[in-house]
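The values are calculated or read from the model by the stated rules, or taken from the named source; none is laboratory data. All of these numbers come straight from a predicted model, not from anything done at the bench. Remember, those area values only see protein heavy atoms, side chains included, never the ligands or the DNA or RNA. Shrake-Rupley method; radii C 1.70, N 1.55, O 1.52, S 1.80 Å.
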Amino acid sequence: MVVNLGLLVINLVTSPKYLWFFWPMLGWGIGVIFHGMKVFNCMPFLGKDWEEQKIKEFMEKEKANEQKRNWS
């Protein structure tokens, strides 16, 4: 909140004709939304199930690569 107010003040002092402070606020807001989703365990994508599936997939690939190296 303080950072956004600071950006607003800087924007109005330096270039009041073009209001650019909305863009950093938008990026900050998106970051806050994703952080909140992670904190409250509401991630519809890239959740715990996805993470476990990816780890299993990487382990299977590594095992297959190791078997190929042993055949050589």
Enumerate the whole-percent occupancy of each 5 Å bin, from 0 to the last occupied one, for all C-alpha pair distances of the chain. 3, 13, 12, 10, 9, 8, 9, 8, 7, 7, 5, 4, 3, 1
Total Lys pairs in the chain closer than 30 Å by alpha-carbon, pairs eight or more apart in sequence or interchain only? 10
I'd like the accessible area for Met43: 1.4 Å probe, protein heavy atoms, all chains in place, Å² to the nearest 10. 60 Å²
